[in-house]
1. Residues in the stretch 131-162 that are within 13 Å of the chain's Cα centre (by Cα) and under 21 Å from Q29 (Cα atoms): how many?
2. Does at least one position in the stretch 70-78 carry a residue that is assigned to a loop (DSSP other than H, G, I, E, B), under 30 Å from V144 (Cβ atoms), touching a Phe, Trp or Tyr at 6+ places or on another chain (Cβ under 8 Å) and at pLDDT 80 or above?
3. So the check is Cβ under 9 Å with 6+ separation or different chains; which pairs have a first residue in the stretch 32-59 that's under 18 Å from V148 (Cα atoms) and a second one that's of a type in the set (S, T, Y) and open to solvent by less than 50 Å² (accessible area, probe 1.4 Å)?
4. Report the residue count in the stretch 69-84 for those that are touching a residue at least 12 places away in the same chain (Cβ under 8 Å) and of a type outside the set (G, A, S).
5. Test V148 against the criterion of being within 20 Å of E23 (Cβ to Cβ) and in a loop (DSSP other than H, G, I, E, B), and give yes or no.
6. For the stretch 9-24, state whether one or more residues are basic (K, R) and at pLDDT below 80.
7. Within the stretch 123-145, track down each residue that is assigned to a helix (DSSP H, G or I) and open to solvent by 40 Å² or more (accessible area, probe 1.4 Å).
8. What is the residue count in the stretch 31-56 for residues that are open to solvent by 60 Å² or more (accessible area, probe 1.4 Å) and part of a helix (DSSP H, G or I)?
Amino acid sequence: LGGAALKAVVSQMYRGLRMSGLEPGKEFQVAMEEASNVGAKLALIDREQDATFAELRKAIKVSDVMRFMFGGATPLPPELASVFQAYDTSGEGMQETVERLKNRETIRAAVSHLREQYPQIVDVILDQRDEFMAEKIKRLRGSVVAVVGMAHMDGIERRLRQ
């Protein structure tokens, strides 16, 4: 998958989130405000987006795209299917679905399902970035509050305990 196509897909995803009333990136705005409020330094610990896209372009296979687009992937397990029941292709129910995703058990189930379907992609978007962020956190001094996506929490915590 070419870089321009990949960026277009991601841009479209974020546009859909915004149209559904969600605010992608809001957590980073809040992190900046809170760091300022308590006089803490803000450390940006994630890998550069272009580096992740470069790895993702290498990881995505045409067969992955075809399976995703044309339904060749394994159906969602019941515990995940129920989370997505309010969402439809028009974007209705997006906010309700996102709220249902805001717990670690649901995220673990989603990551597990995605890992079975697209292991190379999960390696790039989660595992490699978890390792990168954990190493950055280890190098920080003093008290640290890290704001990361919920799907990254288990991997980062595991790496920090090692």
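1. Number satisfying all stated conditions: 7.
2. No: zero hits.
3. From residues that are under 18 Å from V148 (Cα atoms), the pairs are D46/T52.
4. 7
5. yes
6. yes
7. D123, I125, Q128, R129, E131, F132, E135, K136, K138, R139
8. Total meeting the criteria: 8.
The values are calculated or read from the model by the stated rules, or taken from the named source; none is laboratory data. All values derive from a computational prediction rather than experimental measurement. No Cβ is skipped: glycine too gets one built from the backbone with ideal geometry, and neighbour counts run over all protein chains shown. Remember, those area values only see protein heavy atoms, side chains included, never the ligands or the DNA or RNA. Shrake-Rupley method; radii C 1.70, N 1.55, O 1.52, S 1.80 Å.
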